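Structure, as structure tokens:
Any read-out appearing in this document is the output of simple, stated calculations on the displayed coordinates, not a laboratory observation. Predicted model, so just to flag it, every value in this text is computed and none were measured. Cβ atoms come from the backbone with ideal geometry, glycine included; neighbour counts cover every protein chain shown.
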Amino acid sequence: MNQQRPDAQAGDAHQSSSDARRLATPVTTPATSPADAASIANAARLLEQGKLVAFPTETVYGLGADASNAQAVAGIFAAKGRPSNHPVIVHVARDADLSRWATQVPPEAVRLIEAFWPGPLTLILPRAASVPAAVAGGQDTIGLRCPAHPVAQALLLAFRDGQGGLAAPSANRFGHVSPTTAQHVIDEFGAPGHGALAAVLDGGHCEVGIESTIIDMSRLDTHGPVLLRPGQISAAQIAAVIGRMPALPDQAAPRVSGSLDAHYAPSTPVALVDGSGLSALLQQLQAAGHAAVLISYSASLATLSGVHLPDDPDGYAHGLYASLREMDARDASVILVERPPQDEAWQGVNDRLRRAAFDSAGVLETLLRG
Ligand code: TXA
Ligand code: MG
């Protein structure tokens, strides 16, 4: 599952609006080439010097800094425009010594690590005193993840001989849609060497496409395992490994910036709409003089203008963020998103879509009235 898909871009599968797409897609000269051993080694040296490097993971691109260097980590917050009380995840190499980062790795966490690492699962554990508090946004916990992407793995092995940790939130400005290609990262921060980033490692289109599942294992005695953010690895898969279902977050759960209601949002308003009413709605909007673009997955809607994503949750998640960015570039009044099924397998996708649409409540009523 850490292989790159050959299909590359989300919009490939679609159809009727290729001219509009060509006009709307910004023409950019590729500023990166696929990461190789030399560029990975160079990136590791830059990180050791306290610089920021964006790198691919199987979920989304990360904006990395040396997790043991508080000043480098402060650079992440400055570049993203992220409030300093939002903790970042520390990425570690396979077989890393976790006692450097966490005071305790409970047996259930060990089982999850054995089952899902390297992979799209982040564990929140009690933080070791030597880890800069800035990494954890002042919390007494630390988020740890071992990413599966081969470029991330190679970078983590080259960085401090595999013994270091890379603090890395998603490589987007605060509140924006997360990047799933190297070009998305450059669209956010500018070309490497000219802006905040010393380098961007290009590892193709991220396979998973939405951020990792986060499980809080830091308060097992009082709260049990808590699902802080849904992702490709589902609560049921977690339960199958540890023998109990993770709880949903409560008020006292550690802060998760991805849990802010308006997050992962494009600048064009997003409206979630049931597939059955979509054709009629598109016509109504057109009659009212509004350009609308569509992200659909049902076969019956495949010929309408926009992006058509696969109708399975993994394929859909893979293309979701690239599709939101692509539709955002169209200068439409609204991005209509066909509401996906509500079952558990779609939980990660539905969570991101709900947040993308959060600020847009009432947009359809306003457009149709006007
Ligand atoms: O898939 C991912 O997790 C990506 C890739 C780059 O690894 N990273 C990512 O990072 O999504 P970020 O910073 O955009 O989201 C990390 C989430 C945030 O919502 C943050 O609040 C939460 O993890 N988090 C990190 N450390 C935490 C901690 N100690 N306690 C509670 N939440 C934590
Ligand atoms: Mg993020």
>> Can you tally the net charge around residue 241? Count Lys and Arg as +1, Asp and Glu as -1, for every other residue whose Cβ sits under 14 Å from the Cβ of residue 241.
In response: 0
> Gaussian network model of the chain, Cα springs within a sub-10 Å range: biggest mean-square fluctuation belongs to which of 243, 137, 165?
Replying inline: 243
>> Modelling each spin label as a point 7 Å along the Cα-to-Cβ direction, I'd like the residue 187/residue 130 distance in nm, to one decimal.
In response: 4.1
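Please give the charge dipole size of the chain, origin at the Cα centre, charges +1 on K and R Cβ atoms and -1 on D and E Cβ atoms. Round to the nearest 20 debye.
Details: 25 positive and 35 negative charges, 146 e Å.
Approximately 700 debye in magnitude.
What's the local net charge at residue 32, with K and R +1, D and E -1, over the other residues with C-beta under 13 Å away?
Working: positive: none; negative: 36, 187, 202.
Overall, the nearby charge balance is -3.
Expressed as a rounded percentage, what relative contact order does segment 261-370 have, with Cα pairs under 8 Å and six or more residues apart?
Numbers: 155 pairs, mean separation 49.1, N = 110.
Answer for segment 261-370 is 45 percent.
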> From the residues 346, 277, 167, which one has its Cα farthest along the dipole of the chain in the positive direction, the dipole being from +1 and -1 charges on Cβ of Lys/Arg and Asp/Glu about the Cα centre?
Replying inline: 167
> Is the shape of segment 292-340 rounded, prolate or oblate, going by the alpha carbon gyration tensor and its root eigenvalues a ≥ b ≥ c, with a/c under 1.5 for rounded and a/b larger than b/c for prolate?
Replying inline: oblate
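Which values, in whole Å and largest first, are the semi-axes of the equivalent ellipsoid of the chain obtained as the square root of 5 times each eigenvalue of the Cα gyration tensor? List each step's numbers first, then the result.
Numbers: eigenvalues 237, 114, 64 Å².
Semi-axis lengths for the chain are 34, 24, 18 Å.
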> Any idea which of 361, 304, 287 is furthest toward the positive side of the dipole for segment 264-370, if Lys and Arg beta-carbons carry +1 and Asp and Glu beta-carbons -1?
Replying inline: 287
>> Between residue 244 and residue 287, what is 0.36 nm times their sequence separation minus the Cα-Cα distance? Round to one decimal in nm.
In response: 10.2 nm
> What are the extents of the Cα atoms of segment 151-281 along their three principal axes, listed from largest to smallest and rounded to whole Å?
Replying inline: 56, 47, 26
> Taking 0.36 nm per residue of separation and subtracting the Cα-Cα distance, what length does fully extending residue 37 through residue 163 add?
Replying inline: 43.5 nm
>> Need the C-alpha centroid separation for segment 124-153 versus segment 80-106, integer Å.
In response: 0
> If you wrap a convex hull around the Cα atoms of segment 201-337, how much volume per residue is inside, in Å³?
Replying inline: 156
> What is the gain in length, in nm to one decimal, between residue 359 and residue 236 on full extension, counting 0.36 nm per residue of separation less the C-alpha to C-alpha distance?
Replying inline: 41.3 nm
>> Compute, for segment 290-361, the length of the dipole vector about the Cα centre, with Cβ point charges of +1 (Lys, Arg) and -1 (Asp, Glu) only. Units Debye, rounded to 20.
In response: 220
> Taking the simple approach of a point 7 Å from Cα along Cα-to-Cβ for both residue 97 and residue 45, what is their distance in nm?
Replying inline: 2.7
> In terms of the Cα gyration tensor, with a ≥ b ≥ c the square roots of its eigenvalues, is segment 137-216 rounded because a/c is under 1.5, prolate because a/b exceeds b/c, or oblate?
Replying inline: rounded
> In a shell of Cβ-Cβ distance under 13 Å around residue 281, excluding residue 281 itself, what net charge do Lys and Arg (+1) and Asp and Glu (-1) give?
Replying inline: -2
